[in-house]
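J.: Structure incoming, see below.
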Amino acid sequence: MLLQCDVPDDVFKYIKENIRNFEEPANEHLAGNIRKEFKFNKHTPKIAPWMLSHISKSEYFSHLFDKMKRKCNPEPSKICLYDMWVNFQKATEYNPVHSHHGLLSFIIFVQIPYSSKMQKELSPGKDSNADSAGKLEFVSTSHGENITNVLDVDETWEGKCLIFPSELMHCVYPFYGVEKERITIAGNIRFIYE
C-alpha cells in the first residue's frame with residue numbers, strides 16, 4: 001500500500017529553505033550508492049506534525065496500526081517520526097533494492113531535475129522492455145509471485161510525499177543527462193511507548 005500526498009505549502013517552503021542545513025553524513029547507515037546523504041533529524045519538529053496527522057487519517061494505516069498494536073506487549077501508545085535523512089543524488093547514482101526499519105517509511109520529493117520524456121530519450125535502456133531510467137520501483141511477493149509497482153517519478157512529483165510500509169522492498173534507478181541533483185528526504189516512523 002502506497003499513500004501519496006502533497007506536502008503542505010508552508011512545510012515545503014521550510015524544507016526548500018533548509019535543505020542544505022543538514023547534519024553529519026548518513027552513508028554508512030544507508031544502502032544508497034549516492035555520495036551525498038546526510039542526517040536531517042533536527043528538522044523533525046517541523047515535518048513530523050503534518051505527516052503524522054495525515055497518516056492518522058488514513059483508513060488503511062489506522063487498520064495496520066491496530067493490527068500491529070495487538071501483537072505488541074505492552075501495547076504502544078502512538079507513532080513517531082524517528083529517523084530522517086536527505087539524499088542529493090547525481091546522475092548515474094542509485095539506490096539498490098532495500099527496505100527500511102520501523103513501521104512506515106516515507107519519501108519527500110524536493111527536487112526532480114528531469115522530465116519522464118527526457119529520461120526516455122537519454123536512457124541507455126530506451127529500447128529494452130524494462131526501461132527504468134529515473135524511476136522508483138516497489139517490489140513485493142504474493143503467493144510466490146513477484147509484484148512490482150514502477151513509478152515514473154519526474155519534475156511533477158516535486159512537493160509530493162509517498163508513505164509506505166517500511167518492510168516494502170524498493171529501489172531508485174539512476175537518471176541521465178542532467179547536472180542538477182535529484183533531492184529527496186526519506187525517513188521512518190515507529191511505535192513509541194509512554
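J.: How many residues are of a type in the set (F, W, Y) and touching a Gly at 6+ places or on another chain (Cβ under 7 Å) if we restrict to region 131-174? Walk me through how you get there before you give the answer.
T.: Pass one, region 131-174, residues of a type in the set (F, W, Y): 138, 157, 164, 173.
Subsequent filtering for residues that are touching a Gly at 6+ places or on another chain (Cβ under 7 Å) retains 173.
Adding up the residues that qualify gives 1.
J.: Output the qualifying pairs, or none if there are none: Cβ atoms under 8 angstrom, residues six or more apart or on different chains, first residue in region 14-27 and in contact (Cβ under 8 Å) with a residue 40 or more places away in the chain, second residue surrounded by 15 or more Cβ atoms within 10 Å (Cβ to Cβ) and part of a helix (DSSP H, G or I).
T.: I15/H43; I15/I47
J.: Then there's this: Of the residues in region 177-190, how many are surrounded by fewer than 18 Cβ atoms within 10 Å (Cβ to Cβ) and among the hydroxyl-bearing types (S, T, Y)? Before you say what the answer is, go through the steps one by one.
T.: Step one: of region 177-190, the residues surrounded by fewer than 18 Cβ atoms within 10 Å (Cβ to Cβ) are 177-180, 190.
Filter once more, so that each one left must be among the hydroxyl-bearing types (S, T, Y): none.
Number satisfying all stated conditions: 0.
J.: Would you confirm whether any residue within region 160-176 is out of contact with any Lys or Arg (no Cβ under 6 Å at 6 or more places or on another chain), open to solvent by 10 Å² or more (accessible area, probe 1.4 Å) and small (G, A, S)?
T.: no
J.: Mind listing whichever residues of region 112-136 are outside any helix (DSSP H, G or I), buried (at least 16 other Cβ atoms within 10 Å of the Cβ) and either touching a residue at least 40 places away in the same chain (Cβ under 8 Å) or β-branched (V, I, T) (or both)?
T.: Matches in region 112-136: I112, P113, Y114, S123, S132, A133, G134.
J.: Could you pull out the residue among E179, E194 that is of a type in the set (D, E), part of a loop (DSSP other than H, G, I, E, B), at pLDDT 95 or above and farther than 21 Å from I15 by Cβ? Lay out the reasoning, then the answer.
T.: Values: E194 fails: at pLDDT 95 or above.
One residue alone meets the criteria, E179.
J.: Now for a separate question. Just for region 141-159: of the residues that are out of contact with any Phe, Trp or Tyr (no Cβ under 6 Å at 6 or more places or on another chain) and assigned to a strand (DSSP E or B), which one is least open to solvent (accessible area, probe 1.4 Å)?
T.: L151
Yes/no matrix, rows are residues, columns are (1) free of Cβ contacts under 8 Å to residues at least 40 places away in the same chain; (2) under 11 Å from the mean Cα position of the chain (by Cα):
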{"site": "E145", "(1), (2)": "yes, no"}
{"site": "W157", "(1), (2)": "no, no"}
{"site": "E167", "(1), (2)": "no, no"}
{"site": "Y173", "(1), (2)": "no, no"}
{"site": "G187", "(1), (2)": "no, yes"}
{"site": "R190", "(1), (2)": "no, no"}
{"site": "Y193", "(1), (2)": "no, no"}
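J.: Scan region 149-180 residue by residue and report those that are under 15 Å from F88 (Cβ atoms) and in contact with a Pro (Cβ under 7 Å, 6 or more places away or on another chain).
T.: V178, K180
The values are calculated or read from the model by the stated rules, or taken from the named source; none is laboratory data. From a predicted model like this one, the values you see are computed outputs, not experimental measurements. Every residue, glycine as well, gets a Cβ built from its backbone with ideal geometry; the counts of neighbours run over all protein chains shown. Protein only, heavy atoms only, side chains kept; ligands, DNA and RNA dropped before computing areas. Shrake-Rupley method; radii C 1.70, N 1.55, O 1.52, S 1.80 Å.
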